[in-house]
Amino acid sequence: MNEYERVLKGFLPSTAKIMKLPKPQKHPAILLADIDGDQVEELIGAYTLHGENYLVIFKKLNNQWQPLTQIKGSGFGITDLLAAPLTNSKVNTLIVGWQVGNVWSDLQLYQWTNKGFVRLPPTNMAYSKMEVEDMPGVNGQDGKYEIALWVHDTGEAYKVNVYRFGDKGLVRAKDVYTYYYKKVAAYYQELLKTSDFPFYWTYLSDAQKKAGDLKQALSSIDKALSFPSPYPSKEKLEKSRKWIINSIRNGNPNKQVVVDSKTGDVTGDGFIDTVYLTAEKTEGSPFWQNITLVIQNGKTNLFERFPLKENAGYHPTLFLGDLTGNHVDDILIIIDSGGSGGTIYAYVYSYLQGNMQQVFDADVFNERHTYTVDYEDQYKVNVTSSSPNKKYVLDLQYKGMEYLSEIYNEDGTLKAPIEGWVDPIGGLYPIDYARDGIYELTALQQIAGRYHADGLGYVENVLKWNGHEFVSDRQSVSIFGEDRTST
């Protein structure tokens, strides 16, 4: 037992136990780091007491360790305990991963402020593995660290996202993709030496695409398509392949270019306006940055620019049509986020009360429309929607006994509790259901079971303008049918 374990033991009740970190081998969850910016290290330890997990932080005063504060944790174990400068380059943020499942940890971030330690957003962000480093972007390293979160999908495949801390919490750090996804690609290349599975080729292609290595991404996606059952589907891979080929053929240097354009009367003055999406292209990659909405007024020929909240991604597109029922074209913008979950950023702009206004944001929709997905006995899954308040019951028997036997006992009871989830919006489609010239928006969100590839169906919301905002006019759930080709 070293000095720091003795300090922690001396503070704790006799029934408390110091927690263990699992990597690189089991060792006490104790950290020395300066987390209040005074250039003097604090002592941080994790312990469990009466089934609850805690962090305690000590500060050395008059050559004696004194408890500074205590923080209650979550889960049943701890997987990560470290400190790194996330919010600024001079003060470390305390980064904790509380174990909540076999391959899942709950990310919690704590920052020293004038009012003491506060928890930073986000909450309820689960991950399987984490890497933290000052990743170089276009202008090199900036002294602030990024976080790469690896979220388990299937086998040894992970959905990887890289974040940095922004004004409202963690945001995707897409300017470091070229650097980090080369490491991700190397991971899959090594894995494929001994495990030649289609999902590894798909994830390798995705990593190579984000790293800007389009020719290798094309080669990998061709390999993924060569399998009898491509992952996640032949249709999705062919769509991605087409995008890669077009990007190779039409590659441009990094500069502001027109990505998409449409014409229509978006101001209601009877003159035809021109609407553009402009962006900066990353050399050798289909990734676009600084995506901006630009409107050229057909009457005055003046240009007006509208920066987007999420202004980086893949395949940005425009649609013009009457979405609000005022007989004036509204503007729908859709950008692929680039994540393996297939989610999008989406915005609607409408000319209201003499001004062009943003009237829909997919992120706001995702925050307001939450779901629970709970496996039940007798091969059922309950999908519950918060808005509108509805419950759907899915019957899993079409999945077959091989699938069901993994999670159910012979009498149809669950072997262990299982919770799935509903993805953010993955598709948003303008459809004129009534053929009256006014479009509704159909939003699709995938329902996932034990992992993302374990798709259970889709939640479909038909959104209609009510005079103030887009609301769900009707909601339904669609499921996948049983494959009967072999019967």
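Brief remarks follow.
- Top-ranked residue in segment 77-108 [being touching a residue at least 60 places away in the same chain (Cβ under 8 Å) and either not in a strand (DSSP E or B) or not polar (S, T, N, Q) (or both); ranked as farthest from Asp363 (Cα to Cα)]: Leu81
- Filter pass, Val160 being within 19 Å of the chain's Cα centre (by Cα), buried (at least 21 other Cβ atoms within 10 Å of the Cβ), closer than 27 Å to Gln111 by Cα and not basic (Lys, Arg): yes
- Across segment 178-188, the qualifying residues are those that are aromatic (Phe, Trp, Tyr) and open to solvent by less than 50 Å² (accessible area, probe 1.4 Å), and the one among them that is farthest from Gly313 (Cα to Cα) is Tyr188.
- Val40, sole failed condition from (1) surrounded by fewer than 17 Cβ atoms within 10 Å (Cβ to Cβ); (2) touching an Asp or Glu at 6+ places or on another chain (Cβ under 7 Å); (3) among the β-branched types (Val, Ile, Thr); (4) within 21 Å of Leu120 (Cα to Cα): (4)
- Screening Ile147 against (1) part of a helix (DSSP H, G or I); (2) at pLDDT 95 or above; (3) open to solvent by less than 10 Å² (accessible area, probe 1.4 Å); (4) of a type outside the set (D, E, K, R) leaves a single unmet condition, (1).
- Filtered by the rule that a residue be out of contact with any Asp or Glu (no Cβ under 8 Å at 6 or more places or on another chain) and buried (at least 16 other Cβ atoms within 10 Å of the Cβ), segment 353-382 gives Gln358, Asp361, Ala362, Phe365, Asn366, His369, Tyr371, Glu376.
- Hits in segment 1-16 (condition: at pLDDT 90 or above and open to solvent by 100 Å² or more (accessible area, probe 1.4 Å)): Arg6, Lys9, Ser14
- Test: residue in segment 314-329 that is within 19 Å of the chain's Cα centre (by Cα), within 18 Å of Leu463 (Cβ to Cβ) and of a type in the set (Gly, Ala, Ser): no
- Scanning segment 182-233 for residues that are under 23 Å from the mean Cα position of the chain (by Cα), charged (D, E, K, R) and either in a loop (DSSP other than H, G, I, E, B) or within 22 Å of His452 (Cα to Cα) (or both) turns up Asp206, Lys209, Lys210, Asp213.
- Taken together, the criteria exclude Gly97 from residues that are open to solvent by 50 Å² or more (accessible area, probe 1.4 Å) and not β-branched (Val, Ile, Thr).
- Any hit, segment 48-62, residues being open to solvent by 40 Å² or more (accessible area, probe 1.4 Å) and among the hydrophobic types (A, V, I, L, M, F, W, C): yes
- Hey, Ala448 among the hydrophobic types (A, V, I, L, M, F, W, C) and at pLDDT below 95 or not: yes
- For segment 17-32, a residue qualifies if it is in a loop (DSSP other than H, G, I, E, B), crowded, with 17+ Cβ neighbours inside 10 Å and in contact with a Lys or Arg (Cβ under 9 Å, 6 or more places away or on another chain), and exactly one does: Ala29.
- Within segment 290-339, considering residues that are among the acidic types (Asp, Glu), open to solvent by 30 Å² or more (accessible area, probe 1.4 Å) and part of a loop (DSSP other than H, G, I, E, B), the one farthest from Phe271 (Cα to Cα): Glu310
- Top-ranked residue of segment 440-471 - restricted to ones that are of a type in the set (Asp, Glu) and assigned to a strand (DSSP E or B), ranked as least open to solvent (accessible area, probe 1.4 Å): Glu440
- Looking only at segment 189-223, residues that are modelled with pLDDT under 95, farther than 22 Å from Lys174 by Cβ and crowded, with 23+ Cβ neighbours inside 10 Å come to 0 in all.
- Residue list for segment 426-439, restricted to those being part of a strand (DSSP E or B) and either touching a residue at least 40 places away in the same chain (Cβ under 8 Å) or buried (at least 16 other Cβ atoms within 10 Å of the Cβ) (or both): Gly427, Leu428, Pro430
- Among the residues making up segment 72-94, a single one is buried (at least 21 other Cβ atoms within 10 Å of the Cβ), β-branched (Val, Ile, Thr) and closer than 23 Å to Gly143 by Cα: Thr93.
- Complete set of residues in segment 229-271 that are open to solvent by 90 Å² or more (accessible area, probe 1.4 Å), modelled with pLDDT under 90 and within 30 Å of Gly298 (Cα to Cα): Asn250, Asn254, Lys255
- Where Ile35 falls short, out of the listed (1) assigned to a strand (DSSP E or B); (2) aliphatic (A, V, I, L, M); (3) in contact (Cβ under 8 Å) with a residue 40 or more places away in the chain: (1)
The values are calculated or read from the model by the stated rules, or taken from the named source; none is laboratory data. Owing to the predicted nature of the structure, the values given are computational and were not obtained by experimental measurement. Quick reminder, even Gly has a Cβ in these numbers, built from the backbone with ideal geometry, and neighbours come from all protein chains shown. Only protein heavy atoms, including side chains, enter the accessible area calculation; ligands, DNA and RNA are left aside. Shrake-Rupley method; radii C 1.70, N 1.55, O 1.52, S 1.80 Å.
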